[in-house]
Structures are given as C-alpha cells and as structure tokens.
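For reference, the structure is listed below as structure tokens.
Derivation of every value follows stated rules applied to the coordinates shown; laboratory data play no part. For clarity, every value in this text was computed on a predicted model and none was experimentally measured. Reconstructed Cβ throughout: ideal geometry from the backbone, glycine too, with neighbour counts over all protein chains shown.
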Amino acid sequence: MSEGATEGSLEGGAPASPPDVFDVAVIGGGPAGTQAAVSVAHQMRSVLVLEAGPVSQRKGRAFWSKSVEFLDVPTFRAITGPKLAVALREWMAAQPGHVTSIGGTPRHVGIWRRAGMVLRVTRVPAPECEPAPAGFLYEIRASTRPLKAGEPLKIERFRARTLVVASGFEDIWPDIDVTEGANRLYQSHRVVFRYAGNRKGWHVCIRCDGHLHVDKHLAVVGSGDFAWSIARGAQDFTPEVTILTNGADPDMSEARLATLRARGIAIETEPIVAHVGKGTDLLGLRLASGREVMADGFFVDYSLKANREYLSPDDGWDLKVDEEGLLVVDEDGAVLGPDGEPVPGLFAAGDIVSGQRNLIATAFGLGQNAGLSAADLMREW
Ligand SMILES: Cc1cc2nc3c(=O)[nH]c(=O)nc-3n(C[C@H](O)[C@H](O)[C@H](O)COP(=O)(O)OP(=O)(O)OC[C@H]3O[C@@H](n4cnc5c(N)ncnc54)[C@H](O)[C@@H]3O)c2cc1C
C-alpha cells in the first residue's frame with residue numbers, strides 16, 4: 001500500500017481515494033510536469049504530481065521568472081510567473097483523480113496532486129497482482145510538509161509504474177551580497193531573488209527579458225561562452241552592453257575580443273562586491289575599487305544545477321547526462337542510460353532535458369511528449 005497516498009490529505013479536493021500504485025508519477029508541477037500530468041489523465045490513467053513549491057523555496061523557474069508579464073507563453077496572455085503557477089494548478093485541479101468504469105472494470109483516472117519535495121527514487125519489485133510494464137515499480141520518497149527548525153522531516157512513500165521527471169534546474173547566481181553562514185538556498189540568495197524577474201533586476205535569459213530593455217544599457221555578468229552568447233543575443237535589443245567578469249578571466253579568443261571591441265562592448269574584470277539598488281529595483285553593481293556600473297538590466301549566466309539529486313547513483317541510477325548534468329532523452333522523452341538505451345518506464349521533460357530551449361512553450365511540448373509516452377506504456381499490459 002502506498003503509505004503517503006492513503007494518509008496524506010490531497011490538495012485540490014480530489015474526490016476519490018488514490019490507487020495503491022499510480023500509472024504515472026510526475027516530479028515537478030511547472031509547465032512541463034503540469035502538461036505531462038494533463039496529457040496522462042486525458043488518456044484515462046491515474047497520475048500523481050509531486051510538487052516541491054508548497055513545502056520549500058524550490059518553486060520552479062516559471063514561478064521565479066517574472067513579476068512582470070510574459071509575452072510569449074501560449075494562451076496565458078500577460079500573466080506573471082506566480083500567477084502562471086496558480087493557473088497551472090487550476091488546470092490540473094480541473095481533472096481530479098476519480099474512479100470510473102471502462103468495460104465494466106473500475107479504473108482510477110485523473111490527477112492527484114501532493115505537496116512534496118522528492119528526496120529519493122528507487123526501483124522495487126512489483127507484487128504479483130500489480131501490472132508493471134517497466135518490470136518493477138518506482139518507489140518515491142518525498143518530504144511532505146514545510147521544514148521547521150527543530151521538527152523532523154515528514155517522509156511519505158508513493159509508488160508508480162512509470163515516472164516523468166520534470167523538476168527543472170536551479171540557476172547558479174554569483175556570490176554578491178551573500179550572507180556569511182547562510183544555510184539554506186533561499187537565505188543565501190535572498191538578495192538576488194528579490195531582484196529576479198523584475199523589470200529592473202536580474203535576468204537569466206536574454207531571449208525572455210531582452211525586450212524589457214530595448215535601446216538601454218545592459219550589464220552581462222559572466223565570462224567565456226556564457227557571456228559571449230548573452231552579449232550576442234543582447235544585440236537584438238540594444239547595442240549598449242557591458243560585460244562584467246566578476247574577477248574572472250574573460251576566457252574568450254582574440255577573435256571574440258576583437259568583435260566585442262568593434263561593437264563598443266566594454267569588459268570589466270574587477271570583482272563585484274555589492275548590488276546598488278532602490279526598493280526592489282537593481283540599478284547598478286559596485287566593483288571592488290568602489291566604482292559603480294549602472295545599467296537598465298542585468299543578465300547572468302553562471303551555469304545551472306539540475307534538480308535530480310533524488311536519482312542517486314547509490315540507488316543504482318546510472319543515467320546519460322550532458323556536461324551540465326541535464327538528462328539525455330530519446331524522441332519519446334525516455335531517459336537514456338549510459339549505453340544509450342532507454343531506462344524502462346523513466347521519462348523526462350522541460351528544462352531538465354539536455355539540448356532544448358529553456359522556455360515555457362518548449363516545456364509544455366516536452367511535457368506532452370513524455371506524458372503520452374508514459375501513458376502509452378500502460379497499453380503493454
Ligand atoms: C528569470 C526568468 C525569466 C524567464 N522568462 C521566460 C519567458 O519570458 N518566456 C519563457 O518562455 N520562459 C521564460 N523563462 C524560462 C521558463 O521559466 C522555464 O523554461 C520553464 O519554467 C521550464 O519549465 P519546467 O516545468 O521544466 O521547470 P520549472 O518551471 O523550473 O518547474 C520545475 C518544478 O519542479 C519542482 N521541483 C524541483 N525539484 C523538485 C523535487 N525534488 N521534488 C518535487 N518537485 C520538485 C519545482 O517546485 C517546480 O515546480 C524564464 C526563466 C527565468 C528564471
């Protein structure tokens with residue numbers, strides 16, 4: 001019996017008891033996970049969505065993305081990041097988990113949502129009575145209530161026949177104004193989060209937010225390929241760009257440096273010591289010498305950390321990943337092992353997938369692909 005699914009309260013008022021084993025479990029309720037769940041439910045399967053947002057600061061890139069309006073998100077015209085997160089939840093709530101009859105056989109179908117930060121995923125043998133198209137079941141352990149000092153974690157277990165990983169990634173932020181001794185992600189980055197997604201603040205995606213600063217001065221924080229590609233992309237919006245390497249070597253070829261010079265793009269190599277801001281508006285960056293570089297928008301690309309720590313090598317997970325740690329999938333969204341073969345019953349979608357555009361419309365498309373592939377696997381039995 002799936003312990004957590006029976007004793008935990010369900011969000012969204014799902015009217016029926018959940019099944020012991022879900023057809024599909026989805027980790028992450030951002031655009032990719034939501035679309036995967038909706039597509040699975042649409043094929044008359046039972047789907048569990050585990051979503052870290054309500055119990056942690058890991059609310060997803062869609063949530064943190066914008067306090068101003070998106071311009072390129074399908075159908076959600078002029079919506080902010082936090083409002084998009086609510087709209088996604090409402091979309092899932094419209095297909096609540098329930099029991100229906102197909103050919104006289106009762107079947108669990110629809111979406112069960114649970115607040116839960118997934119900590120561990122293992123493979124367990126399927127009991128005789130449980131069909132298992134992958135040859136085993138996925139057992140998922142999640143922390144299901146917000147962390148409080150002095151209180152132990154509440155860990156619940158869930159089981160599913162297939163798994164869709166849609167937990168995205170965390171952007172790596174530069175260590176500017178980071179408090180000494182901070183012990184949690186949100187604390188240690190509270191200053192930069194405050195600015196993230198504002199019209200006047202940090203941005204991580206030139207394609208997403210370049211339009212907010214047309215013909216204005218942009219500061220690009222980074223070096224090497226990251227800084228080069230943002231500075232190149234920035235040219236679509238403005239010729240006024242300064243690269244700040246934050247104490248690092250610019251790490252660019254002479255040809256690239258010559259191109260930047262020819263375009264009037266300055267490179268500042270001094271370390272950055274502080275934000276210069278007013279309210280939640282970021283206005284500039286103070287360099288070690290005390291000099292301040294003021295700009296209209298601030299773009300950073302310091303790499304990323306894929307949210308897949310729950311697929312640990314200690315539990316036998318050996319997956320094909322790219323140089324950034326993102327999962328490599330085939331055309332069905334199936335996650336590949338190191339031999340290039342799909343891992344049975346394991347799919348991935350959204351930002352956590354290697355080689356994709358990290359955008360919301362792409363996440364929806366990848367979510368649908370992975371969700372339908374997982375649902376199709378159930379046809380085997
Ligand atoms: C500042 C900024 C601006 C952006 N602007 C745009 C834009 O204008 N247009 C655009 O198309 N895209 C934009 N993006 C990109 C867009 O937000 C992402 O491409 C998109 O959100 C990816 O969707 P996803 O579902 O893969 O991941 P996410 O949206 O990151 O969702 C991942 C989900 O997984 C959950 N999760 C993570 N770890 C766990 C775990 N262990 N257990 C359970 N749940 C977990 C999180 O809580 C979250 O809900 C922007 C991003 C940022 C950061």
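Table for the structure above
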quantity: For the stretch 318-333, 3J(HN,Hα) per residue [Karplus equation, 6.51 cos²θ - 1.76 cosθ + 1.60, θ = phi - 60°, Hz, x = Gly/Pro]; calculated: 10, 10, 7, 10, 8, 5, 9, x, 7, 6, 9, 10, 8, 5, 8, x
quantity: Computed helical MRE - 222 nm, the chain, DSSP H runs ≥ 4 contributing -39500 (n - 2.57), nearest 500; calculated: -6500 deg cm²/dmol
quantity: Under Karplus coefficients 6.51, -1.76 and 1.60, residue-wise ³J(HN,Hα) of the stretch 336-345 in Hz, glycine/proline x; calculated: 9, x, x, 7, x, 8, x, 7, x, x
quantity: Members of Lys83/Lys200; Lys66/Lys148; Lys66/Lys278; Lys66/Lys216; Lys66/Lys305 lying beyond 24 Å, as alpha-carbon distances in this model show; calculated: Lys66/Lys148
quantity: Part-to-part distance (alpha-carbon centres) for the stretch 219-288 and the stretch 359-381, which is given in Å; calculated: 39
quantity: 3J(HN,Hα) from dihedral phi, the stretch 243-260, Karplus parametrisation 6.51/-1.76/1.60, rounded to Hz, x for glycine, proline; calculated: 9, 10, 8, 6, x, 8, 5, x, 6, 9, 5, 4, 5, 5, 4, 5, 4, 4
quantity: Dipole magnitude (debye, nearest 20) for the stretch 214-369, charges at Cβ of Lys, Arg, Asp, Glu; calculated: 840
quantity: Dipole magnitude of the chain about its Cα centre (Cβ charges: Lys, Arg +1; Asp, Glu -1), debye to nearest 20; calculated: 1260
quantity: Relative frequency of Cα-Cα separations exceeding 22 Å in the stretch 1-151, percent; calculated: 44
quantity: FRET efficiency for Ser289 and Asp249, using Cβ-Cβ distance with R0 set to 25 Å, rounded to 0.05; calculated: 0.90
quantity: Counting all C-alpha pairs of the stretch 226-377, share separated by more than 21 Å (%); calculated: 60
quantity: Volume in Å³ per residue [convex hull over Cα atoms, computed for the chain]; calculated: 154
quantity: The stretch 42-111 - convex hull of the alpha-carbon atoms, volume per residue in Å³; calculated: 96
quantity: Mean separation of Cα contacts under 8 Å (6+ apart) over length of the chain, as relative contact order %; calculated: 20
quantity: Estimated dipole of the stretch 297-363 in Debye, rounded to 20 [Cβ of Lys and Arg +1, of Asp and Glu -1, Cα centre]; calculated: 300
quantity: Net charge contributed by nearby residues that have their C-beta within less than 15 Å of Arg123 (K/R +1, D/E -1); calculated: 0
